[in-house]
Structure formats: structure tokens, C-alpha cells
Amino acid sequence: MVVDSTTQHRRGKRPNRAGPAAGAPGEGRFDQAVAVATHGRAEATLDCGWGRLLFSQTFESAAELVEGLRDEAVDRRDIAFYVSDPHVLISLAPQELFLDPSHTYRLDLDRYRGRQHAHPGFFVRRLGAEADAEAVNRIYALHGMVPVAPEFFWSRRDSRALGVLVAEDSVSGEILGTVMGVDHVHAFGDPSLGSSLWCLAADPQSRHPGIGAALVRHLAEHYRARGCAYLDLSVMHDNEPAIALYERLGFRRVPVFAVKRKNSFNERLYTGAGPGDELNPYARIVIDEAMRRGIRVELIDAPGGMFRLSHGGRSVRCRESLSELTSAVAMSICDDKAAARRIVAGAGVQVPAQMPAGDARREREFLEAHRRVVVKPSRGEQGRGIAVGIETIDELRAAVDRARRVDERVLIEEMVEGEDLRLVVIDYRLVAAAIRRRPEVVGDGRLSLRRLIERQSRRRAAATDGESTIPIDAETTRTLGLAGLGLDDVVEEGRVVTVRGTANLHAGGTIHDVTDEVHPVLVGAAIRTARVIGMPVVGVDLMVRSPRQPGYAFIEANERPGLANHEPQPTAQRFIDLLFPQTVPASARRATESARAG
């Protein structure tokens, strides 16, 4: 999960934030590349890739600081900090500036005593290659943060003023988290020997705990070794988990302020709650995109994710990504897994063998023929009632009984080995593709599997606004039993344990984008499925050997795919394009028409 992403962020998100705090003016050694000489005085700014930090104590007057903030580049997030009199600064441009609603925290490095210890499953190091920078941008994108050009990080790899750390998975080499630090001495000759922390963010789907804390500790120890006196950061006033972490690490609150420009990225910070704040992430992403285009939003039923969008005499009701453009017939086909399988098979889509439950002799024969099967209710969503990897007749009967609690009609299906691929098709074009992976925990040699699952479930809930948790139920117990384990067992440090057989996101699964590498055969199968069912917006689930290979088997079609799960792919943009094509920018419309013609 994100511990404290940053003060730089995108519209429609509420990421936790980290930034600098108090200091004092003065002369001294500083990096000429990041200080701008104006009127004979060094007005120190630091380009962080996502925007500039303006060290207000180096500006001669509030008026000059206002002019500095007005130089903010398009799609960048500038921040003026160490503002001693924010009320005066804002009074000079009240329509343009606002006081950032964050608390500032400081760690006194001369009193800090770091804890050097190994982190099971990952380690922290400096950003060392352009591939690292691309991975950092992936994590930024997961939290709606402003991306940074990879060459920016690479060109500043030897900078003494700006540094970036990453947390890397010890086995896979995947980048799990990142933090940016600023050395104030090298940035502007700070006589108070300060430093600051920015852009702390962790992959919300990581199975490793403690990534954020480890990154903060490493940054603090790095600047303490350099002789810095303190490490500052700012955090949203209502971000209780991040504040609790910082206080646990020894940070104390200090009365320091930051000021930003009013723009669409910062809008929620100075306008308060919007109409989408009552909705879940899957509805909110659609509403945010609609509002950006000037489309009127009317909430119908916030708990149910229902709203109405209106523009130019056109009005469309939606429930998350399900709209009135989807017919009742198409929706009923998606809802009936057996019917969907028959229809897509008739269109040439490859499907696994399947039979209805209810005939004991046929069930036994089917299990003997396929050795491992999947049991699922004919109707249902979010993975409820599904059991994967059934191998014995007793397991089969128990799984059928559980599935019947969701729907009376139960299906038994050949289990196809491979990876679970979700393809989102909007207006009969692929918009996003992602591999969905089953929830896992990593042993630490101390805690029981039950405790590890509970901790991982809390992290998944925090990262998804409560949409994803790992149930501890019969399916979890059965999955652990397949590995010879129980909920009260303690496994050795570093051992990865799969805790559920399905990769459903609502049951704790994770999702990993493969849009740019998915094989054309798989894309064709998804689009063919959408067309034969008649679904303008659909999530098509395939079991594949690899997203880069053509082999697959159709699993099901989902009439209400979670668009927020596929950020930063433009799922919400394409959904609004479908509903209100007149709001598509002319340049984008021409590019789409050109692509279709090609």
C-alpha cells in the first residue's frame, strides 16, 4: 500500500503525501543547476521531474515567490514550502494560490537511532537504471501521481541535491516502492543542514509488509551519514495511517506551511468534497473523467455506485461501468455463465469442457476424465462460491454445496492451467489487459498464516478503499490444505504461500498490466466475445499460458468490469468517449479515425 505518496498528485485521487518542511535562509554551497539568479539574489528552485520545489526563504519577497509559482509548467505540480507568512502570500493572489492542508513532520537526525535489519523478501537501493525509472513511474501511476520522464531520473543519477531510492523484490527483481529525497545543503546552501522526503509510494499490490517504513529509514540513515540535521516531510492532515507510521519512527510535528497553485490536479484540496466522494473507486473514476469534460453528474444511489451523466441534451444512467447502452439481453447472457459459454463457443471462441452439477455418476466421470476441475455457481460475481483445483469426489461435493449457497444452478468445469487474463473491451476495442494473480502471503518464521493473511488483507483493503480483502473461509482453508498447511501454522521466512485458488480482486487477488504485450489472438478472442454477446463494455476473462502466446480458454464475461483496477490505462476516458463522443477532443477524434482507417 501507499504509506505516503506525495503532495504531487493527479485529479480524482487522494493519495497520501510526503514533502519537506522547515528550514532557514542563508548562504553556502549549493548546486548552481537548481538555483535561479534573479535581481542579484539566488531564488532556489529544484526540478523534481513532477514539478518544482520553491524554497521560499531564498526569495526576496512574497511578490517574487508568487511570480515563481506562476511559472508552473503545464501538467506539473509546483510547491512553495517554508512559507513563513502563508496568509500574506495568498493575499497577493487569492484566486491562484491556496494553503496546502497538510501537517509537517520532522525527524531530528542527530537523535535518530536507525534499526539495521533485513527485510524478508526485499532490499532497498539507489535508483540505478532507466528501467528502475520506468518501474517508479508504474508505481506513481497506480496512485494517480504525476509521472516523471525516465531520462530525468537517469540524467540526475549523480546529483547530490536530489536522490531516489527503490525497494526491490529479492527474487523477482520487481520494484516494490520508491522514495525521493532532497539534500538542502546541495540544493540551496542551507545553513541549518536540512533534508526532506518526497514521493514515498509503495506498490499497493505488494505481498511484502514494511516497504514504506524501510524506505523512510534508509533515507533517514543516508542523510544522517551526510551530516544533515533533520529530515522533513508533510502529510495530509487526515492520513492517520501515515501519521501513525511517522510518529512511530520518531517524527514530530512542526509548524511549517506549503502553498500551491489552484489547478485541476489540486482541485479537491481547495474545493472540498465532490459529488463522487461518496462512491466506490469504480464509480468515482468515471465521475471524475466526466466532470473534467464538463459533463453534469447526478448521484442516484451512492452505495450502489449509481449515477446519471448529462451533456448536450443526452442523459445516460450508469452503475459504475455498466450503462444503459448495455442491453438487458446482453447483460443476462453475461450473468448466465453456461449461456455465455455456449454463445461464444458458437462464435469460434475456445472454451473448456463443462457440465451442470446434479448427476452424481456424471460428476464422477467428469472428474476422472479431467483430474482437476473448477466448481462455480451459474450466476454470481466477485468470485463468490468458486472453488478451483478440485481433485477428489468429496471435495467436489463440498464445493457444489458451497456454490449452491450463491446460486441453485452449479457448473463443473475442466480446470485449465495457466494465468488468469482480464481484457477490457470498450466500443469493441481493447483498452486494457492485465494478469490477475491469486493472493499470497510471505512467511516470516514468527506469525501464523492466519495473522499473515489478516495483515495482507488489511493492506489490500487500505490500497483499494476497502474493495479488496482476503476472506478466511472454507476456500482459504482448502487452498492451504492443498499445500499441507493450516491457518495456525508458521512457515519459514521468505516462503511464499498461495492462500486462495481464485485470482478475483475482491477476494484479495492482484492485477498486473500487460496491455502492451498481449498477443493479437487473445485480443481477437476478447473482441469476438464482446461482439457476439453484444456488450459495448465488457471484461473478458481468459485462462492463458502466457499473455504473449496465442493459447487460451474462455472463462467468463463480466458486464461491469472495474475500470479503476486498470489505471493508468485510459479505461474511464474510453468509457466517456463511448457515452458522449461529442466531448472527445478533436485531435483525439482524428487520431482514432486514422487508426480505424489503417
Problem set entry | Net length gained if the chain between ALA483 and MET355 were fully extended (0.36 nm per residue, minus Cα distance) | 43.3 nm
Exercise. On a 0 to 90 degree scale, rounded to 10, what angle separates helix 586-597 from the longest Cα axis of the chain?
Worked result: 40 degrees
Exercise. For the range 430-496, which GluC sites (Glu not before Pro) are in a loop by DSSP, counting at most 15 other Cβ atoms within 10 Å?
Worked result: GLU492, GLU493
For this session: Just flag the GluC sites (Glu not before Pro) in the range 121-229 sitting in loop per DSSP whose Cβ has no more than 15 other Cβ atoms within 10 Å.
Result: GLU174
Exercise. Taking square-rooted eigenvalues a ≥ b ≥ c of the alpha carbon gyration tensor, is the range 465-544 rounded, prolate or oblate, where a/c under 1.5 means rounded and, failing that, a/b exceeding b/c means prolate?
Worked result: prolate
Seminar exercise, completed: Listed by chain and number, the residues whose amide H is under 5 Å from that of CYS48, excluding neighbours fewer than 5 places away on the same chain and using placed H, are LEU53
Seminar exercise, completed: Rg (one decimal) and Dmax (whole number) from the Cα set of the range 305-344, in Å, equal 13.3, 40
For this session: Report, to two decimal places, the Cα Rg of the range 224-278 normalised by 2.2 N^0.38 Å (N = number of residues).
Result: 1.52
Problem set entry | Distance (nanometres) between label positions extended 7 Å along Cα→Cβ at ARG314 and LEU299 | 2.6 nm
For this session: Work out how much length ALA339 to GLU391 would gain on full extension: take 0.36 nm times their residue separation and subtract the Cα-Cα distance, in nm to one decimal.
Result: 16.2 nm
Problem set entry | Segment THR583-THR271, length gained on full extension (0.36 nm per residue, minus Cα span) | 109.9 nm
Problem set entry | Relative contact order %, the range 273-354, counting alpha carbon pairs below 8 Å whose residues are six or more apart | 18 percent
Exercise. Where the accessible area of the chain is counted over protein heavy atoms with a 1.4 Å probe, how much of it, in %, is carbon and sulfur?
Worked result: 49 percent
For this session: Could you size up the charge dipole of the range 212-306 around its Cα centre, putting +1 on the beta carbon of Lys and Arg and -1 on that of Asp and Glu, and report it in debye to the nearest 20?
Result: 580 debye
For this session: Would you kindly calculate the mean projected area, averaged across all directions, of the convex hull enclosing the Cα atoms of the range 458-598, in square nanometres?
Result: 11.8 nm²
Exercise. Using alpha carbon centroids, what distance separates the range 469-520 and the range 398-466, in Å?
Worked result: 7 Å
Problem set entry | Å² of accessible area per residue within the chain, as computed with a 1.4 Å probe and no ligands counted | 42 Å²
Exercise. From Cα coordinates alone, what are the radius of gyration and Dmax values for the chain in angstrom?
Worked result: 26.2, 91
For this session: State whether the range 128-197 is rounded, prolate or oblate according to the following rule on the C-alpha gyration tensor (a ≥ b ≥ c being the square roots of its eigenvalues): a/c under 1.5 gives rounded; otherwise a/b larger than b/c gives prolate, and the remaining case gives oblate.
Result: prolate
Problem set entry | Solvent accessible area, Å² - SER155, 1.4 Å probe, full protein context | 80 Å²
Seminar exercise, completed: Taking every alpha carbon pair in the range 133-273 and sorting the distances into 10 angstrom bins from 0 up to the bin holding the longest one, the percent per bin comes out as 10, 36, 40, 14, 1
For this session: Measure off 7 Å from each Cα along the Cα-to-Cβ vector at HIS237 and ARG157, then give the distance between these two points in nanometres to one decimal.
Result: 4.3 nm
Exercise. Counting alpha carbon pairs within less than 8 Å and at least 6 residues apart, what relative contact order, in whole percent, applies to the chain?
Worked result: 14 percent
Problem set entry | Backbone N within the range 414-443 under 12 Å of label point (7 Å from GLU493 Cα along the Cβ vector) | 443
For this session: Provide, for q = 0.13, 0.17, 0.19 Å⁻¹, the log10 of I(q)/I(0) from a solvent-free Debye sum over equal Cα point scatterers in the range 77-210.
Result: -0.72, -1.12, -1.27
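The values are calculated or read from the model by the stated rules, or taken from the named source; none is laboratory data. Owing to the predicted nature of the structure, the values given are computational and were not obtained by experimental measurement. Because the Cβ atoms are built from the backbone with ideal geometry, glycine has one as well, and the counts that use them run over all protein chains shown. We work out accessible area using only protein heavy atoms, side chains counted, and drop any ligands, DNA or RNA first. Shrake-Rupley method; radii C 1.70, N 1.55, O 1.52, S 1.80 Å.
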